Amino acid sequence: MSEHREPLFSERVSGRNVTYFIEVRESSSGRVYLSLSEGRPAGGGAWEHQRITVFPDSAIPLRKAVSGAMKVLAAEAAARRQTDLEELHRSLHRAFERWTDEEDEKLRSAFAGGLPRQELEAVMGRSRRAVDMRLVKLGLEKPPEQRQTAR
């Protein structure tokens, strides 16, 4: 009869379409080990799992390697994010900047004048989402969840 043992440590980390399970367990022979698992939806309610088992003799070298990889990952992600923001600013020159009173008035006037949404975006130098959110904040439109859908 197999005995089910609770993990000595258990942590769950969820991402967009993946969940990671990090556990320290004890084998039936008394050895402790680290179990790293990844679970992804495979469709139809099923999940696909991948697992890595790390024993203590490999733990320190693995920790050093993962730590180095995480530093590179963080630096690369930050650099690419900066590049993405620079590209976005080239097309939407006011992206992620605070709205000014003058911009609010300009948006009110253009919206009242019936300017199409795409032109509002271009005139304001903002994304569609930014313009939509500002129209709601200014009380010119209702939030999406309060709007009636045409049938």
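Can you match semi-axes √(5λ) of the Cα gyration tensor in Å to one of these, (i) 38, 17, 13; (ii) 36, 19, 13; (iii) 51, 22, 12, based on a calculation from the structure here?
Recomputing semi-axes √(5λ) of the Cα gyration tensor in Å here picks out (iii).
Given +1 on the Cβ of Lys and Arg, -1 on the Cβ of Asp and Glu, and no further charges, what dipole in debye does the chain carry about its Cα centre, rounded to the nearest 20? Don't skip to the answer; put the middle values down first.
Details: 26 positive and 23 negative charges, 33 e Å.
Dipole size: approximately 160 debye.
Loop only by DSSP, 11 or fewer other Cβ within 10 Å of the Cβ. Give me the trypsin sites (Lys or Arg not before Pro) in region 1-54 that pass, ordered by residue number. Let's see the in-between values first.
Working: sites: Arg5, Arg12, Arg16, Arg25, Arg31, Arg51; in loops: Arg5, Arg16, Arg31.
Those satisfying the criteria are Arg5, Arg16, Arg31.
Can you pull out the GluC sites (Glu not before Pro) in region 1-71 whose DSSP state is coil and whose Cβ has at most 16 other Cβ atoms within 10 Å? Before the final figure, lay out the partial values.
Working: sites: Glu3, Glu11, Glu23, Glu26, Glu38, Glu48; in loops: Glu3.
Taking region 1-71 and a limit of 16 other Cβ atoms within 10 Å, the loop GluC sites (Glu not before Pro) found are Glu3.
What do you get for the angle between helix 128-137 and the principal long axis of the chain? Use alpha-carbon atoms, 0 to 90 degrees, nearest ten.
Tilt relative to the chain: about 70 degrees.
Hey, what angle do you get for helix 101-112 against the long axis of the chain, alpha-carbon based, 0 to 90 degrees rounded to 10?
That helix lies at roughly 70 degrees to the long axis.
Mind telling me which of Gly68, Gly125, Gly113 comes out most flexible in a GNM of the chain, alpha-carbon contacts under 10 Å?
The residue with the greatest mean-square fluctuation here is Gly113.
Considering only the other residues whose Cβ falls under 12 Å of the Cβ of Phe96, what net charge follows from Lys and Arg at +1 and Asp and Glu at -1? The partial results should precede the final answer.
Working: positive: Arg81, Arg94, Arg98, Arg126, Arg129; negative: Asp84, Glu86, Glu97.
Here the count lands on +2.
Considering only Arg108, Arg81, Arg40, give the residue with the highest GNM mean-square fluctuation for the chain, with springs between Cα atoms whenever their separation is below 10 Å.
Arg40
None of the figures in this text is laboratory data; all of them are computed from the coordinates on show. This is a predicted model, so every value here is computed, not measured. All Cβ positions, glycine included, derive from the backbone under ideal geometry; neighbour counts span all protein chains shown.
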